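Reading through the structure tokens given below for one structure.
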Number of protein chains: 6
Amino acid sequence: MTQTLALIRQRLFSSVLSDCLDAVGYRNQAMHAGIRPLDESLVLCGRARTALYVDVYDAPEGENPYELEIQLVDDLKADEVPVFACGASGRIAPWGELLSTAAKARGAAGTVMDGLTRDVRAIRDMKFPVFANGIGPLDSKGRGKVAALDVPVEVAGARVAQGDLVFGDADGVVVVPRAVEAQVIAAALAKVAGENATREALARGEKLADVFRRHGIL
Amino acid sequence: MTQTLALIRQRLFSSVLSDCLDAVGYRNQAMHAGIRPLDESLVLCGRARTALYVDVYDAPEGENPYELEIQLVDDLKADEVPVFACGASGRIAPWGELLSTAAKARGAAGTVMDGLTRDVRAIRDMKFPVFANGIGPLDSKGRGKVAALDVPVEVAGARVAQGDLVFGDADGVVVVPRAVEAQVIAAALAKVAGENATREALARGEKLADVFRRHGIL
Amino acid sequence: MTQTLALIRQRLFSSVLSDCLDAVGYRNQAMHAGIRPLDESLVLCGRARTALYVDVYDAPEGENPYELEIQLVDDLKADEVPVFACGASGRIAPWGELLSTAAKARGAAGTVMDGLTRDVRAIRDMKFPVFANGIGPLDSKGRGKVAALDVPVEVAGARVAQGDLVFGDADGVVVVPRAVEAQVIAAALAKVAGENATREALARGEKLADVFRRHGIL
Amino acid sequence: MTQTLALIRQRLFSSVLSDCLDAVGYRNQAMHAGIRPLDESLVLCGRARTALYVDVYDAPEGENPYELEIQLVDDLKADEVPVFACGASGRIAPWGELLSTAAKARGAAGTVMDGLTRDVRAIRDMKFPVFANGIGPLDSKGRGKVAALDVPVEVAGARVAQGDLVFGDADGVVVVPRAVEAQVIAAALAKVAGENATREALARGEKLADVFRRHGIL
Amino acid sequence: MTQTLALIRQRLFSSVLSDCLDAVGYRNQAMHAGIRPLDESLVLCGRARTALYVDVYDAPEGENPYELEIQLVDDLKADEVPVFACGASGRIAPWGELLSTAAKARGAAGTVMDGLTRDVRAIRDMKFPVFANGIGPLDSKGRGKVAALDVPVEVAGARVAQGDLVFGDADGVVVVPRAVEAQVIAAALAKVAGENATREALARGEKLADVFRRHGIL
Amino acid sequence: MTQTLALIRQRLFSSVLSDCLDAVGYRNQAMHAGIRPLDESLVLCGRARTALYVDVYDAPEGENPYELEIQLVDDLKADEVPVFACGASGRIAPWGELLSTAAKARGAAGTVMDGLTRDVRAIRDMKFPVFANGIGPLDSKGRGKVAALDVPVEVAGARVAQGDLVFGDADGVVVVPRAVEAQVIAAALAKVAGENATREALARGEKLADVFRRHGIL
């Protein structure tokens, strides 16, 4: 599996994956445009490990507010990607330098969340790919906590199940469900070749109409 | 005309153009702050070619979903700027590397849209100025298509007609209607000189109150 | 006081300040994630001077629309930070290169606003820390003006009073009220040390659960 | 068909239809809560005739801005329901008293739109069921026009195809796709009976836990 | 003047006024759909008296927070309409039963605001027409205060100057500027007659296409 | 306690409670204006029982999705008020006719939620006071479930703890924390008397300025 991931990471783009998901009828697999990489030069490619957050308004004495979060990160395998469904509240930054350090030490491929991220300069220095809905300093303690691990979630409009292929680059994050993974990747590898021919023809000044008629790609 | 555009591109800024539009009573000519350049170091200056999009929810077999888009790009002249009115839905990224390649080959000055853009790293490498409402991988096929070309539109709060001067830099995008173009450009060139004197006085530590009384610029 | 500010600027982060404010029950001191630095490499640390804006729809002849703004900037002392409460309208860019030049000449530590900023490339060249809710070219004249100076305001969800410590870095802006300043800074300096130990343990691959049990930091 | 519609109108509710759609895996068939009836006492039940709108910014001389709208209304059959997909702009009120009069004269069952409606007091007096995203006086001329008739659309989050069953009451609007219509209606008729038994048990003060265990309905 | 107002109140509607404003090129005179009447059966028709609010975050001791508000209401003449521009914050309910009582006692024609209103049941009992952006109990003290009276403002997207005709009914609020008032009212009175003929033809079942061709009204 | 509640229900209003909470420095106790009563003629007054919801995207086989919801309703005592914190997603209608029936049978005083409500016509017929953020048919199964009971929550901007006094009428919902309950109620009962005198003076046409000087109430 790792070899496949390496190939995908090297050859593919979120846009071509999105097009090929569209072609097989999966049209809601790209996360909303609010989800951005901390570092646009990094590519994220791995298998989802999901966490579902609940907004809370209290941090009871004696309760570890990070219990399930710690459990997930300590359980990460190589090429896995924590995917945090924090919802629309924008109240918390559940990910930062320390979790990035721990996740990277376990070989995780990166992290995706619809919450905020903090310690962003340190994370960028680590070259660890993090995609988030914004940047902010607020800790999750007393604001949100993990309610369940490895359950199906929706993050920024895309459904994610444990084990789904998660791919992120400068254009955004796309989720490829298991059921169509092989088909979508094969189609994407083929499409990339056609795009190269199209690009060259266009750069030579050929008419778009002609090139599109020939290659069917835009 | 090209000489004028070169002069504007070299000497002016979106902020001074916005101030001079304000001064002649055109107060809604700056696009909303959501419209950002892919590359803040590039300046866009050219004549608008407008396209009006309609959200669609279907891509009928046998229909070319890009028909009018292709027609517009193939028809671009030097210094023209495709301006895409995609509306508030945020569902599509109608512009990417291939259209940038084709537009650049025809001498277009850049592109502006209130939709998303994709292939952003490749577009930045081409040094082609693109201003958009965000970044995302979703193709327009089955989500949106061009309903009309070269009609008056509104993009991010600013009205744009075919042939209007469109100027974009790191501060945003401003549209200068034909009716006031000569007047606004003359005023802007004059104001830029006054700003230089103001800046120098302020850098020397003079009181803002005194400098503003003298130059009337802030 | 300046020595304390220098120490804070050098050693602390917005995230650790936010955590220590949380710990003493001040849980709304971080501005919303929309407030971003023009330059993520700069740190802002100083004392707030507040300005309260009112949206206007008219610029009467013979009235100086910048009167109180000029008064505030001309009155700035070293290490002060103009904090502009412009509200939710997003109609104005009250800060730009000229005000940055004047503020910097008086030793101001930076500026924070929930309005837009313009002339952003020039401001970045000056290395003057500006945090704003976006970038746009629209002048405040006829759109907004200062209604009061040095009154308590709310900016992007955080209450700010004159003299409050304002701290901004790549993760956002945090406001430390006078009443808890000494306590929060002491706690933050202590927490930073613990974070270093935690980070090193995690980088070595230790279990998060163990490290968190030992240091109590995440 | 008309008999079935009469039975549905008489016996069913939007909430029970929504539950039964959920049960067969169609979980996005209820329109958003912004879509409200002008008159909560009326029930709408009929077959969708869809119209897709495009926002426009101009009304060219000599063009009939209502051409396709008129064509759709003149073509309405008994029990049909014009469903207008106007999108998120909130700029137009495409429906009013005159179109209601014409539609009612042809036996239409009501109208649904995500745009605004006007002449609401007159429409209420006619007892014609109209569901809209708000009320406002702005005509569509120069703001929006129909781009296509009888194509698949999305209205307030629900997909609607020509001929789909559209049901609206005080709780909102639900769309039942052809593919599951028979199954969903049969299940809904059965569920309504169970709800009556549940309601009676609860009104007698029985424990919810016991009643839910017995009937499985909540 | 009062006679004209009585005629307008009796014969016209917000929708026909909006259409006639459109026809003379004033296309932003209808307030957004969020502005609703407390009582849909009442018609508001009068001359605007404007108040511009500023959001505040403090109520200094010894300051009368309602000073200008009281001044405006005490100064109201017959058929005048207080129009409050409170902005987008949604934090205050500046109008309630007591101000309604005072305004009604002076013969005011009603009130319009983009803030909230409170004491709504009492106001409805008084049959005093109030149009607001919602209902809520929060007093303006320490949240907002009037910064200026009788200045041009924008309320829910429509520009309002002192003396402008303000018309509200169940379909919303329309503002008719002085410059086009006579022209718009004359056109509206004429259009109402045509609408009656159109309605009757449609109710008889005539084709919309034919009726529209004959009357040009929809 | 029940006697006190009866007195409050009879004599007080949400607006006067809000003013008196303001006066003792509790300025965020009114829920946002989106929270509306199903029936504006009903008054809700009781003690909060809180439920915290988490958005879910799955309904696992064999799990009772309503478990804690049922537990809360079965445990309701006279004059208690279920308060549901469903968050900003707007995806679910957790309350309907059956839960209203069960809650009413136990003597509950009403229900408040920032989610949607369904079966609204039946609930109105029962004269059971329900305040919600909208109306919609979507069941909570597979969309949201209760994560915790009787914990502190925030609902539409107001903090609510178990046992807090919750008061709702046509103007909205106000939460009175235990710590200031006696003080706020005493002040509110006193203020209501002053409002009566003010109202009468204003109805006689006295100047607001004079009446406000005399009574200090607006």
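The values are calculated or read from the model by the stated rules, or taken from the named source; none is laboratory data. Treat the numbers as computed from the prediction; the structure is a model and nothing was measured. As a convention, Cβ positions derive from the backbone with ideal geometry for all residues, glycine included, and neighbour counts pool all protein chains shown. Surface accessibility is based on the protein's heavy atoms, side chains included, excluding ligands, DNA and RNA. Shrake-Rupley method; radii C 1.70, N 1.55, O 1.52, S 1.80 Å.
Some observations on this one:
- Residues in the stretch F:57-97 that are under 17 Å from F:Ala122 (Cβ atoms), touching a strand residue (DSSP E or B) at 6+ places or on another chain (Cβ under 9 Å) and not in a loop (DSSP other than H, G, I, E, B): F:Val73, F:Trp95.
- Of all the criteria given as (1) open to solvent by 20 Å² or more (accessible area, probe 1.4 Å); (2) at pLDDT below 95; (3) aliphatic (A, V, I, L, M), the one not satisfied by B:Met126 is (2).
- Applying a threshold of 7 Å to beta carbon distances and a minimum spacing of six or more residues, or different chains, the list of pairs starting in the stretch C:1-25 at a residue that is over 23 Å from A:Val120 (Cβ atoms) and ending at one that is assigned to a helix (DSSP H, G or I) reads C:Val24/C:Val180; C:Val24/C:Gln183; C:Val24/C:Val184.
- The set of residues from the stretch A:147-158 being assigned to a loop (DSSP other than H, G, I, E, B) and open to solvent by 30 Å² or more (accessible area, probe 1.4 Å) comprises A:Asp150, A:Val151, A:Pro152, A:Gly157.
- Members of the stretch F:101-117 that are closer than 19 Å to D:Ala209 by Cα and of a type in the set (D, E, K, R): F:Lys104, F:Arg106
- The stretch F:13-47, residues that are among the hydrophobic types (A, V, I, L, M, F, W, C) and out of contact with any strand residue (DSSP E or B) (no Cβ under 7 Å at 6 or more places or on another chain): F:Val16, F:Cys20, F:Ala23, F:Val24, F:Leu42
- Against the list (1) open to solvent by 40 Å² or more (accessible area, probe 1.4 Å); (2) in contact with a strand residue (DSSP E or B) (Cβ under 6 Å, 6 or more places away or on another chain); (3) in a strand (DSSP E or B), the condition B:Phe167 fails is (1).
- Of residues in the stretch E:113-123 being under 27 Å from C:Ala88 (Cβ atoms) and within 9 Å of chain F (Cβ to nearest Cβ), the one most open to solvent (accessible area, probe 1.4 Å): E:Asp119
- With respect to the conditions (1) more than 7 Å from every other protein chain (Cβ to nearest Cβ); (2) assigned to a loop (DSSP other than H, G, I, E, B); (3) touching a residue at least 40 places away in the same chain (Cβ under 8 Å), D:Gly107 lacks only one, and its number is (3).
- Among (1) over 30 Å from E:Leu68 (Cα atoms); (2) modelled with pLDDT under 95, the one test that F:Leu208 misses: (1)
- Where A:Ala33 falls short, out of the listed (1) modelled with pLDDT of 95 or more; (2) over 23 Å from A:Val120 (Cα atoms); (3) not charged (D, E, K, R): (2)
- Enumeration of residues in the stretch F:12-28 that are assigned to a loop (DSSP other than H, G, I, E, B) and within 9 Å of chain E (Cβ to nearest Cβ): F:Phe13, F:Arg27
- Sole residue being in contact with a strand residue (DSSP E or B) (Cβ under 9 Å, 6 or more places away or on another chain) and open to solvent by 20 Å² or more (accessible area, probe 1.4 Å), chosen from B:Ala190, B:Ala161: B:Ala161
- Count - residues of the stretch E:57-97 that are at the interface with another protein chain (Cβ under 7 Å from one of its Cβ atoms), surrounded by fewer than 17 Cβ atoms within 10 Å (Cβ to Cβ) and under 19 Å from the mean Cα position of the chain (by Cα): 1
Matching residues to (1) more than 9 Å from chain F (Cβ to nearest Cβ); (2) within 21 Å of D:Asp22 (Cα to Cα):
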| site | (1), (2) |
| --- | --- |
| D:Glu181 | yes, yes |
| D:Ala186 | yes, yes |
| D:Asn196 | yes, yes |
| D:Glu206 | no, no |
| D:Ala209 | no, no |
| D:Leu218 | no, yes |
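- Residue in the stretch C:10-18 that is among the polar types (S, T, N, Q) and closer than 22 Å to C:Asp119 by Cα present: no
- Taken as a whole, the condition of being more than 8 Å from every other protein chain (Cβ to nearest Cβ), among the hydroxyl-bearing types (Ser, Thr, Tyr) and not in a loop (DSSP other than H, G, I, E, B) applies to B:Ser100.
- F:Ala201 vs. criteria out of contact with any Leu (no Cβ under 7 Å at 6 or more places or on another chain), more than 14 Å from chain D (Cβ to nearest Cβ), surrounded by fewer than 17 Cβ atoms within 10 Å (Cβ to Cβ) and in a helix (DSSP H, G or I): no
- Candidates B:Ala188, B:Ala193 - the one that is modelled with pLDDT under 90, under 30 Å from the mean Cα position of the chain (by Cα) and either part of a helix (DSSP H, G or I) or basic (Lys, Arg) (or both): B:Ala193
- Filtered residue count, the stretch C:15-32, keeping only those that are buried (at least 24 other Cβ atoms within 10 Å of the Cβ) and closer than 30 Å to C:Lys145 by Cβ: 3
- No other residue among B:Gly136, B:Gly110, B:Gly144 is buried (at least 23 other Cβ atoms within 10 Å of the Cβ), farther than 27 Å from B:Ala59 by Cβ and modelled with pLDDT of 95 or more apart from B:Gly110.
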